[in-house]
Each structure stands twice: as C-alpha cells, then as structure tokens.
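Inspection log for the structure reproduced underneath, given as structure tokens.
The values are calculated or read from the model by the stated rules, or taken from the named source; none is laboratory data. A quick note: this is a predicted structure, and the numbers were derived from the prediction, not measured. With ideal geometry, Cβ positions are generated from the backbone for all residues, glycine too; neighbour counts draw on all protein chains shown. Note: accessible area is taken over every heavy atom of the protein model, side chains too, but ligands, DNA and RNA are not part of it. Shrake-Rupley method; radii C 1.70, N 1.55, O 1.52, S 1.80 Å.
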Amino acid sequence: MVSARHGGSWNGPIPSDAVAEIVVTRNLPEEILAPLHEVGETWVWGDDRPIPREALLEAVRDARGLLCMLTDPIDHAVLDAAPQLEVVSQMAVGVDNIDVAACHRRGLKVGHTPGVLTETVADTAFALLAAIVRRIPEGERAVREGAWGPWSPFWLTGGDLHGMTLGIVGMGRVGSAVARRASGFGMEFVYSSPRSEGPGRKLGLDELLRVADAVVLCTRLTGETRGLVGRPQLQAMGEGSYLVNVARGEVVVTDDLVAALANGEIAGAALDVTDPEPLPPDHPLLGFPNCLVTPHIGSASEPTRRAMAELAVANLVAGLRGETMPAEVPWR
Ligand code: DGY
C-alpha cells in the first residue's frame, strides 16, 4: 500500500487532512477508475482484501460517492459516518450487503451491475452442474492421488445431464440464461419464481423440488429467500437429485445441507456460494466427496469482472453528476 496521491487518487491509509469525495473499497485497475477523477478526489483502499470496518467508517466521512463490494456491509453505521453521501455503487448485481431501504430513505441512489455478468454466471452454474453430476472433482482427485487404475466398467459412474429435468429457482436474468443452456443440453426445465415469468413450466417450489433431477438456485437473497432450502426441501428433492447454488449461500440452510449429505438424502451439491463465506477449510461440507465448493467465482471471467467494475464506475459518475445511472437499484 502507498500513501501517496496518484493522479487524483490516494491509495492506502487516508491522510488525516484529506477530503476524499469518492471512496473505492477495493483496488481496481487505474484505467477503469479514471473517469472518477473527473467527478472528485478519489481514495482507493489499496489492498485486495476487504477494507476493515474502522477504515471504511473513517474513509467515508467526506464522501459523496462510495464504490463498494459485496463484502462491505453498508448499514446504518456506515451511512451515519458519511453525512455527505449521495451515491452507493456496488460492483455486483446482488445488493444484500447494502441496506437499500435505509439508503433510499436518506435520498441516496444505489447502483449495481446487472446484465453484464448474466451469461458468465450461467456458464458457471452449468460448469458446476456438469462437474457434480459427472463426478469430475472426484475423478480429478483420484488421478492426482494415484488412484487411477485400469479402466473399470462402473468406477466413478455418475448421472447424465441430457434427459434431466432441471429446476430453476429464480427466473431473472441468470435463471433465463440457465434455461437457455438447459435446452441446449437436451434437458427439460421447470422454474419457480414468485414475480418473474419465463419460458418453460412455472411451478410452486414444492412441486419443483419433487420433479427436478437437479435444482439450480439463481434467486436474489431477500427476506423471503433466506433459508429457502432447508432440510424439508432437501428431503423433497430426493436421493437422486443435485443442488447447485450460484445465488447466495444464505438461501440454503448450511447445517441442513450437511445433514442431508451425511444421510444420503440428495445425490450431491455444487456450491459457488456458501454461508459462511469464505468457508473454513475444516468445514464439514468439504468432507463430502459429492459436495463441490468453489470460492464465489460465478462472475469471475476477466471480461465480466472488468465490465462489472466499469459499470460500477459509470453508475457512480452518472449518479454524482445528477444524471440517470445506467443501472440503478429501483426505489420500492
Ligand atoms: C453478484 O454480482 O452479486 C455476484 O455474486 C458477484 O459475482
């Protein structure tokens, strides 16, 4: 970390006499941040780990704009610490870490990054689905561990993707993109989504869990979806079915998933998101060969992460200029 000021931005500890009109909570490429310098003095947390709470509370004291990550809880304490704040712009589509209602009550605009990550996250959902159904991680581990013997008729046999019925929970952008891929893979699909309509057959969640061979969670995390998939839902899925989560870890009750895997109540799970995050290396979920966990990399292709950062910057610039933000979280 450097404490010097570079072309209108500071990296590292904010100087005590500094006025940072714009605070960026993670080190992003300078060329992506460049448009911010036109709107105000910018301070960037110069580290690739989340900004500590105390540093954030200190940094935002003069901020009009905040570019934040999903790892930063933006709650009353942060908003109270930032009396000048006008715009919160998150580099993610999900804004469950932000008290959006509180922002809106205070007249703040909130931006996020929908659209640009849809296809990448749907690709990840399919990569996870294929990997768990065809037991790719188990096979790969066996090769590395020297357990690959002569070809064997029923060693590491899994299921088939083609011919499956896929149950998509949440038919928003990502859910629709998953549905398109399901058709390409020769799958049937059904979906449940309280508010959105999409292609395919819409079912209630209970029925979807009963008929689907694999369930992909693509829903936002809200009060309604927190803990949506617990033990009863996992038992309803049945022992031949798989769970894929590219939404938020908290949509699934982690202890219930551990119990369901321990008792063979589902065939396997592939999770890009977990509760907690990061998942400690000694977590029980990591003890199951039929549970694949990736570290919240659903949108982590290079072009997509750049597009997300650029959109977050564009939202902040537009919001601070009083212009329409390219992607504002709607006021409810
Ligand atoms: C999002 O945008 O909400 C994703 O979880 C980030 O990959």
Kirkwood Rh and Cα Rg combined as Rg over Rh, evaluated for region 176-332:
1.02
Specify the angular offset, from 0 to 90 degrees and rounded to the nearest 10, of the alpha carbon long axis of helix 118-133 from the longest principal axis of the alpha carbons in the chain.
30
FRET efficiency (Ser152, Glu207; Cβ distance; R0 35 Å; to 0.05) is 0.35
With every protein chain kept in place and ligands, DNA and RNA left out, what is the accessible area per residue of the chain? Probe 1.4 Å, answer in Å².
46
Less than 13 Å Cβ to Cβ from Glu31, Lys/Arg counted +1 and Asp/Glu -1: what total charge do the surrounding residues give?
-1
Can you list residues whose amide H is under 5 Å from Gly111's amide H, if they're 5+ apart or on another chain and H is modeled 1.01 Å from N?
Val88, Ser89, Gln90, Val329
Please list, in chain and number order, the residues 5+ apart from Leu292 or on another chain whose amide H is under 5 Å from its amide H, with Hs placed from the backbone.
Ala269, Ala270, Leu271
Area accessible to solvent at His37, 1.4 Å probe radius, in Å²
60
Quick shape check on region 16-88: root eigenvalues a ≥ b ≥ c of the Cα gyration tensor, a/c under 1.5 is rounded, otherwise prolate if a/b tops b/c, else oblate, and it reads oblate
In whole percent, what relative contact order does region 118-293 give with Cα contacts below 8 Å and a gap of six or more residues?
20
